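Inspection log for the structure reproduced underneath, given as structure tokens.
Please treat every number below as a calculation from the coordinates, not as lab data. Computed from a predicted structure; not experimentally measured. FYI the Cβ positions are ideal-geometry reconstructions off the backbone, even for glycines, and counts take in every protein chain you see.
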Amino acid sequence: MVGKLFIVGVGPGHHDHMTFGAKKAIEESDTIVGYETYVNLVQDLIDGKNVYRYAMTQEVERAQQCIELAKEGKIVSLVSSGDPGIYGMAGLIYETLAEQDWDPKSGLQVEIIPGVSALNSCASIIGSPLMTDFAVLSMSDLLVPWEIIVKRVEAAAQGDFVIVIYNPASKKRIHQIQDTIKILLKYRKPSTPIAIIKGAYRESQSVVLTDLENMENYADKLGMISTVIVGNSSTYNYKDLMINPRGYKSKYNLQEQTNPKLKV
Ligand SMILES: C[S@@+](CC[C@H](N)C(=O)[O-])C[C@H]1O[C@@H](n2cnc3c(N)ncnc32)[C@H](O)[C@@H]1O
């Protein structure tokens with residue numbers, strides 16, 4: 001029997017934001033593997049299947065088990081939140097297979113099912129913060145040395161990128177976001193808009209709009225499912241929204257009802 005491994009992105013946490021492809025892959029699978037919180041997100045789709053739930057820090061075991069199960073002939077869905085190719089399990093699966101001299105053409109079949117990442121889902125909740133160039137940074141220094149992350153923060157801050165921050169802090173890991181705020185303040189106005197989105201599209205969803213100068217007050221309130229979006233020099237707030245202008249206003253009069261004229 002030929003097995004298959006799907007690496008499935010289930011989106012931010014609500015089925016409305018899961019793709020048809022993700023649902024189909026899960027339905028086709030007889031075996032589901034994942035971090036228990038992500039498995040819980042698809043609980044209603046996995047009745048009667050073999051389910052392997054893992055604690056958070058067991059990624060290597062999870063990857064190896066999926067590969068073994070698929071090699072034994074199982075149709076396996078490894079579920080990941082958001083998109084599995086963005087700080088997800090896709091990388092570790094391919095790295096592990098590459099170590100085993102895997103041949104993508106004749107060996108185990110692997111298919112990535114893309115998902116809506118936290119950056120898309122969080123952006124949609126607070127307006128249009130990602131209309132121009134943006135950088136995504138993770139504050140987790142578990143696998144990447146902190147000095148390298150600091151370099152990337154500096155570069156993104158200097159380059160005036162809108163910045164999306166994944167894994168901003170945990171109970172034990174808070175200095176990273178505090179250091180990042182200090183670096184950002186070297187290059188950006190204290191009034192630079194910031195949005196903190198916690199649990200996007202989950203029952204626990206909450207949103208805070210603040211700015212760089214006040215961000216420090218929220219550093220200890222961030223959690224494992226918080227994403228922080230930092231505006232660039234042209235980002236502004238309008239009511240409860242964060243707007244990153246694309247540049248149309250410098251060329252067009254946006255107040256005209258029909259046929260907006262080019263400004264001369
Ligand atoms: C290891 S990364 C996984 C990212 C995931 N693969 C994705 O594409 O969204 C975990 C981080 O994603 C962000 N995240 C995931 N789900 C989220 C949600 N529902 N709301 C806000 N942020 C979320 C948080 O920053 C969290 O610390």
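Tabulated results
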| read-out | value |
| --- | --- |
| Looking only at region 48-106, and only at residues there that are β-branched (Val, Ile, Thr) and assigned to a strand (DSSP E or B), the one that is nearest to the ligand (Cβ to nearest atom) | VAL79 |
| From GLY231, GLY223, residue being touching a residue at least 24 places away in the same chain (Cβ under 8 Å), within 10 Å of the ligand (Cβ to nearest atom) and not aromatic (Phe, Trp, Tyr) | GLY223 |
| Of all residues in region 173-221 being among the basic types (Lys, Arg) and within 21 Å of the chain's Cα centre (by Cα), the one that is surrounded by the most Cβ atoms within 10 Å (Cβ to Cβ) | LYS198 |
| All positions within region 182-207 that are within 16 Å of the ligand (Cβ to nearest atom) and either out of contact with any strand residue (DSSP E or B) (no Cβ under 6 Å at 6 or more places or on another chain) or free of Cβ contacts under 8 Å to residues at least 60 places away in the same chain (or both) | ILE194, ILE196, LYS198, GLY199, ALA200, TYR201, ARG202, GLU203, SER204, GLN205, SER206 |
| Residues that are within 11 Å of the ligand (Cβ to nearest atom) and among the aliphatic types (A, V, I, L, M), drawn from region 9-19 | VAL10 |
| Considering residues of region 107-125 that are among the aliphatic types (A, V, I, L, M) and away from the ligand (no atom under 11 Å from the Cβ) only, the residue nearest to LEU209 (Cα to Cα) | ILE113 |
